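Contents: one structure, followed by commentary.
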């Protein structure tokens, strides 16, 4: 066991880097897409609201693993060839964007209606009202839910191993097959995932406190 420990640690470290990169790409993509879908859901144009609602209903009711399989193995059948890592990141970002959308909508609902009516009374259009009045006030109630979604994104990256992405879980499976050390390998993997989630919780709490002080 000790003779293989450096190799095991090296491969798990490589998997960790891929996990962190995948988590960052998925979360940023989900936030961007989720904000766009949330704007569609609250805009005054009925067809756009319907599209936003349909998007959320679709992606929230499809298992992430099924979506990954559809993207990774279905897109090549349609003639769309992309790198495996990018395909997995895109599928996961689109999935989590539906949940980000609902977080943003909840934050917007937390803004007092009087603020919106006052902005409209001043002549602000939908875009200006959203940018200068609603979103700045909606950020604080969104911090904790977004932190929870970040943790969900980080943990769900383990599903990418099922479609061939060599992230942390994928590397752990490979190490287990190669060195026959399942207990040690997955114990280390578990500790790493716990460290990621606890760190995310600490950062989220700090951001929330900072925003509370600045108000």
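The values are calculated or read from the model by the stated rules, or taken from the named source; none is laboratory data. As the structure is a prediction and not an experimental result, all values here were calculated from the model. All Cβ positions, glycine included, derive from the backbone under ideal geometry; neighbour counts span all protein chains shown.
Yes or no: residue 133 crowded, with 18+ Cβ neighbours inside 10 Å and under 29 Å from residue 80 (Cα atoms)? No.
Each row is one residue, and each column tells you yes or no for (1) surrounded by 14 or more Cβ atoms within 10 Å (Cβ to Cβ); (2) on the phi > 0 side of the Ramachandran plot; (3) touching a strand residue (DSSP E or B) at 6+ places or on another chain (Cβ under 9 Å); (4) at pLDDT 95 or above.
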{"site": "13", "(1), (2), (3), (4)": "no, no, no, no"}
{"site": "24", "(1), (2), (3), (4)": "yes, no, no, yes"}
{"site": "41", "(1), (2), (3), (4)": "yes, no, no, no"}
{"site": "45", "(1), (2), (3), (4)": "no, no, no, no"}
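Of the residues making up the range 136-155, none is surrounded by 13 or more Cβ atoms within 10 Å (Cβ to Cβ), in a helix (DSSP H, G or I), modelled with pLDDT under 80 and over 25 Å from the mean Cα position of the chain (by Cα). Given the structure, is residue 15 in contact (Cβ under 8 Å) with a residue 12 or more places away in the chain and within 30 Å of residue 131 (Cβ to Cβ)? The answer is no for residue 15. Filtered by the rule that a residue be farther than 19 Å from residue 210 by Cβ and without any contact (Cβ under 8 Å) to a residue 60 or more places away in the chain, the range 137-157 gives 151, 152, 155. Pairs are defined by a Cβ separation below 9 Å, a sequence spacing of at least 6 or placement on different chains, a first member in the range 114-136 that is closer than 16 Å to residue 40 by Cβ, and a second member that is outside any helix (DSSP H, G or I) and modelled with pLDDT of 75 or more; the pairs so defined are 126/43; 126/44; 130/43; 134/111; 135/111. Scanning the range 175-202 for residues that are surrounded by 13 or more Cβ atoms within 10 Å (Cβ to Cβ) and within 22 Å of the chain's Cα centre (by Cα), we see that the one that is farthest from residue 22 (Cα to Cα) is 201.
Taking (1) more than 20 Å from residue 37 (Cβ to Cβ); (2) over 16 Å from the mean Cα position of the chain (by Cα) in turn, residue 109 satisfies each apart from (1).
Can you confirm whether the range 166-173 contains a residue that is outside any loop (DSSP other than H, G, I, E, B) and surrounded by fewer than 17 Cβ atoms within 10 Å (Cβ to Cβ)? Working first, answer last.
Applying the first criterion (outside any loop (DSSP other than H, G, I, E, B)) to the range 166-173 yields 168-173.
Remaining after also requiring surrounded by fewer than 17 Cβ atoms within 10 Å (Cβ to Cβ): none.
Checked the range 166-173: no residue is outside any loop (DSSP other than H, G, I, E, B) and surrounded by fewer than 17 Cβ atoms within 10 Å (Cβ to Cβ).
With respect to the conditions (1) without any contact (Cβ under 8 Å) to a residue 40 or more places away in the chain; (2) touching a helix residue (DSSP H, G or I) at 6+ places or on another chain (Cβ under 7 Å); (3) farther than 30 Å from residue 126 by Cβ, residue 74 lacks only one, and its number is (2).
For the range 43-62, check the following and say yes or no: at least one residue is in contact (Cβ under 8 Å) with a residue 60 or more places away in the chain, assigned to a helix (DSSP H, G or I) and touching a helix residue (DSSP H, G or I) at 6+ places or on another chain (Cβ under 7 Å). No: zero hits. Annotation: of all residues in the range 47-84 being buried (at least 16 other Cβ atoms within 10 Å of the Cβ) and under 15 Å from the mean Cα position of the chain (by Cα), the one that is farthest from residue 159 (Cα to Cα) is 56.
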